[in-house]
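Just below is one structure, and these are the notes that go with it.
The values are calculated or read from the model by the stated rules, or taken from the named source; none is laboratory data. In this text, all values refer to a predicted model and were calculated from it rather than measured experimentally. Virtual Cβ from ideal backbone geometry, glycine too; neighbours counted across all protein chains shown. Remember, those area values only see protein heavy atoms, side chains included, never the ligands or the DNA or RNA. Shrake-Rupley method; radii C 1.70, N 1.55, O 1.52, S 1.80 Å.
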Amino acid sequence: MDMHTVVLGTSGTTAQDVIAVARGAARIELSQEALAAVAASRAFIDDLAAKPDPVYGVSTGFGALAVRHISPELRAQLQRNIVRSHAAGMGPRVEREVVRALMFLRLKTLASGRTGVRPLVVETMAALLNAGITPVVHEYGSLGCSGDLAPLSHCALTLLGEGDAEGPDGVVRPAGELLAAHGIAPVELREKEGLALLNGTDGMLGMLVMACADLARLFTSADITAALSLEALLGTDSVLAPELHAIRPHPGQATAAANMLKVLAGSGFTGHHQDDAPRVQDAYSIRCAPQVAGAGRDTLDHARLVADRELAAAVDNPVVLPDGRVESNGNFHGAPVAYVLDFLAVAAADLGSIAERRTDRLLDKNRSHGLPAFLAGDPGVDSGLMIAQYTQAALVSELKRLAAPASVDSIPSSAMQEDHVSMGWSAARKLRTAVDNLTRVLAVELYAATRAVELRDGLTPAPATRAVLAAVRAAGIGGPGADRFLAPDLEAAYAFVRDGKLVEAAESVTGHLA
């Protein structure tokens with residue numbers, strides 16, 4: 001097996017595999033164990049379908065219409081109809097990586113042998129992913145209960161050869177044409193299969209997994225930018241001492257402080273504020289950086305725990321139990337995932353907020369301890385980074401709005417059958433925006449802090465800082481001087497943080513940063 005192949009068994013998947021499929025070119029293989037389990041559970045469904053007793057999802061309608069018993073000759077139509085009618089999304093297209101994650105996670109549950117679909121359905125969905133065919137999924141249509149219905153329905157529609165999808169060349173075409181071009185036969189759904197394709201938390205879970213990976217990098221990036229700002233402001237690193245963090249034993253806080261200490265090792269800047277008597281200690285945005293970033297890290301650890309549990313789950317309704325019983329349940333409810341999606345948005349907003357305060361301090365000549373106003377080349381003639389901070393403040397303001405939880409809302413649906421929903425998809429969508437905004441906020445702090453360090457004469461920055469400065473300049477991000485068109489520099493700084501180049505540059509000196 002090569003490194004670009006993900007093998008799906010019956011026991012779930014990992015965050016690494018989700019990202020490999022969603023963002024990379026990983027191919028999917030179904031284990032023989034999974035195919036055998038799928039076939040075994042299908043046999044139970046076939047037995048139930050042959051009996052006169054109504055079974056939800058097999059021989060009845062759905063949701064509030066579950067009271068109707070469906071005769072055998074109408075069941076294929078029933079399954080096809082649920083897919084068509086539920087593919088009712090509206091608004092902009094959802095990103096390709098989100099759709100691939102959603103499809104892969106639904107495939108993960110189908111491969112568990114708990115849903116009752118035929119092996120053909122599982123194999124066809126894997127073939128779609130391997131062919132690079134991405135269904136067109138829209139922004140609006142999920143209430144997070146029963147799972148991500150409309151997004152999953154648009155994916156299921158592609159399995160039927162209907163609707164629109166994007167090919168590996170990025171061109172959107174009718175799904176039937178794309179399937180034919182790749183030698184994939186459309187699926188004719190049978191009992192339970194339409195329902196099994198729609199009932200899950202896969203969209204919100206996929207976005208959670210990717211957000212966790214992105215935020216892990218951003219927490220490390222924030223430790224680096226905080227260290228650079230501390231250095232540029234001639235702050236003290238004594239507050240980062242391990243013994244201080246040991247007496248308040250939050251693990252994330254200790255990790256953040258340790259990262260900052262590594263970045264600042266060997267700095268000729270730190271501690272100089274003791275030379276000018278009025279400043280006894282640094283402002284909160286400097287002194288409490290590990291506490292804020294650390295709380296975010298601990299939140300991230302909790303979110304990963306929830307994600308890992310969900311990655312091991314088989315979410316469907318009804319489910320086929322090992323003894324052959326087919327039971328209705330509420331496992332599709334998105335509350336566990338929705339809560340941590342919202343929690344992460346709070347952490348992202350606070351991390352962005354404290355970073356903006358450090359940037360503002362760097363630009364204010366009354367609080368920056370000798371730096372020129374707005375880090376301008378010729379203050380008054382030049383405005384320096386005045387409006388870069390405006391942009392950062394606007395991003396932080398939006399981060400705060402995005403931190404308002406989606407999961408506290410619920411709009412009843414399906415004639416009050418689904419009378420309490422999670423809104424987890426909405427929580428995930430706003431978290432994606434929050435992650436991007438936070439990346440931009442940290443990019444502005446990086447831009448300001450590196451300029452500030454370079455404006456300090458007569459002192460030698462830490463070796464890690466020098467490595468970051470060299471990498472920033474090599475990336476085409478400009479340094480001090482007269483005013484110039486700032487947007488390209490800020491966009492380049494954003495890409496530098498987003499792509500992990502900041503962490504890479506610091507780690508070239510410090511070694512691994514947690």
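Once both axes come from the Cα atoms, what is the angle between helix 487-498 and the longest principal axis of the chain, in degrees from 0 to 90, rounded to 10? Tilt of helix 487-498: around 60 degrees.
Counting only protein chain heavy atoms and rolling a 1.4 Å probe, the accessible areas of Ser85, Ser146 rank, largest first, as Ser85, Ser146.
For region 98-228, carbon and sulfur atoms together expose 54% of the accessible surface, with a 1.4 angstrom probe and every protein chain in place. Accessible surface comparison of His4, His369, probe 1.4 Å, protein chains only, largest first: the order is His4, His369.
In this rough spin-label picture, where each label sits 7 Å from Cα along the Cβ direction, the Ala415-Ala39 distance is 4.0 nm. Cα centroid separation, region 189-253 to region 326-399: 15 Å. Per the Debye formula on identical point scatterers at the alpha carbon atoms of region 138-271, with no solvent, log10 I(q)/I(0) at q = 0.17 Å⁻¹ is -0.93.
Other residues lying with their Cβ under 11 Å from the Cβ of Ala313 contribute a combined charge of -1, Lys and Arg counting +1, Asp and Glu -1.
Measuring nothing but alpha carbons in region 1-91 and taking Rh as the Kirkwood radius, the Rg to Rh ratio lands at 1.11. Determine the calculated [θ] at 222 nm for the chain from helices alone, applying -39500 (n - 2.57) to every DSSP H run no shorter than 4 residues and normalising by the residue count; nearest 500 deg cm²/dmol. About -17500 deg cm²/dmol.
Here the relative contact order of the chain, from alpha carbon pairs under 8 Å that lie six or more residues apart, stands at 16 percent. Residue by residue, region 387-392 carries 3J(HN,Hα) couplings of 7, 4, 5, 4, 4, 4 Hz when phi is fed to the Karplus relation 6.51 cos²θ - 1.76 cosθ + 1.60 (θ = phi - 60°); x denotes Gly or Pro. Among residues other than Pro135 with Cβ under 15 Å from its Cβ, the summed charge is -3 (Lys and Arg +1, Asp and Glu -1). Karplus-derived 3J(HN,Hα) values for region 339-352, using 6.51 cos²θ - 1.76 cosθ + 1.60 with θ = phi - 60°, are 4, 6, 4, 5, 4, 5, 5, 5, 4, 5, 5, 5, 5, x Hz; glycine and proline are entered as x. Here the mean projected area of the convex hull built on the C-alpha positions of the chain is 26.2 nm².
For a distance above 14 Å, tell me the whole-number percent of Cα pairs in region 196-279 that qualify. In whole percent, the long-distance tail amounts to 71.
Calculated accessible area for the chain comes out at 39 Å² per residue, all protein chains present (probe 1.4 Å; ligands, DNA, RNA ignored). For region 53-131, the normalised intensity computed at q = 0.13 Å⁻¹ comes to -0.55 (log10 of I(q)/I(0), Debye sum over alpha carbons, equal scatterers, no solvent).
Shown here is the pair-distance distribution of region 244-372: with all Cα-Cα distances grouped in 10 Å bins from zero up to the longest one, the shares run 10, 27, 25, 15, 11, 7, 4, 1 percent.
Across the accessible surface of region 301-454, with the other protein chains kept in place and a 1.4 Å probe, carbon and sulfur atoms take up 54 percent. Averaging the sequence gap over all C-alpha pairs within less than 8 Å and six or more residues apart, then dividing by the number of residues, gives region 85-142 a relative contact order of 61 percent.
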